[in-house]
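Everything on this sheet refers to the single structure shown next.
The values are calculated or read from the model by the stated rules, or taken from the named source; none is laboratory data. What you see is a predicted model, and the numbers here were worked out from it, not measured in a lab. With ideal geometry, Cβ positions are generated from the backbone for all residues, glycine too; neighbour counts draw on all protein chains shown.
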Amino acid sequence: MNMLPLDMTPEPPMGSEATGVVLRYRTIWISDVHLGTRGCKADLLLEFLRHTEAQTLYLVGDIIDGWRLKRSWYWNQSHNDVVQKLLRKARKGTRVVYVPGNHDEALRDFTELQFGGVVVQMEAIHHMADGRRLLVTHGDHFDGIVTYAKWLAMMGDMAYTAALGLNTWFNHLRHKLGLPYWSLSAYLKHKVKNAVEFISDYERAIAEEARRRRVDGVVCGHIHHAEMREIDGILYCNDGDWVESCTALVEHGDGRLEILRWAECRENLAALAQSEALEPARTA
């Protein structure tokens, strides 16, 4: 279960959100949001953005799904709200860095430019509070299929879309039964031997690049699998995604890193809000 940071300050509750508490971090990394697709959990991401603040926010690629938007247009109000919230954070002083991925690769032609206060960079070097340096990259360059057989990657993307559709209906049923969100598609993917081997090879390849660049670790996305572990002395961090697992990577004020799984974290916040509401009754 995720531990909540100690530097929490309240803000007025907004709509049907879990609580009015804001979680404050030094840095937040999110990736693979895939705005422009039906599988995007834009409502949950918007809730996450409203309940978190950071000095620096990294958007680690595939925030907008240009591949899917070229095939068919899908863009509802919640997707627009996410974009507006990100721009609002930039206006209010958060340093927002956008590192494009393969699905939003068109933005790679605009690196080092700013859009509404959001800086676009091909990659970044993040300096942590404890002095460590992390390479921040989406990671698609270390996926041989994307790099050398883009047509095959696009076919795989269509199959993945079908799996996400099944995942949506599955979680709709779970919601009706009063059960929390759980990613069926992620579970199936990580039960397939070839997928597990691909993830392992990908992690080692990107960790080796971090070693070659003489940094202490790497933060990436791309494979929709949140993970934080050491690979031969290199810290490998994958911040996950917002179509399956709804995860983010965060850095606390002391340099400690943590993967936040929002489905679990929001339950903790709701429990905290309930306990605070009951506190006056206990002390009356």
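Structural remarks
- Subset of the stretch 113-142 that is of a type in the set (Val, Ile, Thr) and either crowded, with 21+ Cβ neighbours inside 10 Å or in contact (Cβ under 8 Å) with a residue 24 or more places away in the chain (or both) - its residue that is nearest to His222 (Cα to Cα): Thr137
- If the condition is being modelled with pLDDT of 90 or more and either surrounded by fewer than 17 Cβ atoms within 10 Å (Cβ to Cβ) or polar (S, T, N, Q) (or both), then the stretch 191-210 contributes Arg204, Ala205, Glu208.
- Among residues of the stretch 64-100 being basic (Lys, Arg) and out of contact with any Lys or Arg (no Cβ under 8 Å at 6 or more places or on another chain), the one that is nearest to His127 (Cα to Cα) is Arg95.
- Flag set for Ile223, criterion: modelled with pLDDT under 95 and in contact with an Asp or Glu (Cβ under 9 Å, 6 or more places away or on another chain).
- Subset of the stretch 92-103 (residues that are surrounded by 12 or more Cβ atoms within 10 Å (Cβ to Cβ) and either at pLDDT 95 or above or more than 20 Å from Gly221 (Cβ to Cβ) (or both)): Thr94, Arg95, Val96, Val97, Tyr98, Val99, Pro100, Gly101
- So Gly156, is it closer than 30 Å to Arg212 by Cβ, at pLDDT below 95 and of a type in the set (Gly, Ala, Ser): yes
- Residue within the stretch 63-71 that is out of contact with any Leu (no Cβ under 9 Å at 6 or more places or on another chain) and either modelled with pLDDT of 95 or more or hydroxyl-bearing (Ser, Thr, Tyr) (or both) present: no
- Selected residue [surrounded by fewer than 23 Cβ atoms within 10 Å (Cβ to Cβ), touching a residue at least 24 places away in the same chain (Cβ under 8 Å), outside any loop (DSSP other than H, G, I, E, B) and hydrophobic (A, V, I, L, M, F, W, C)] from Leu69, Leu57, Leu45: Leu69
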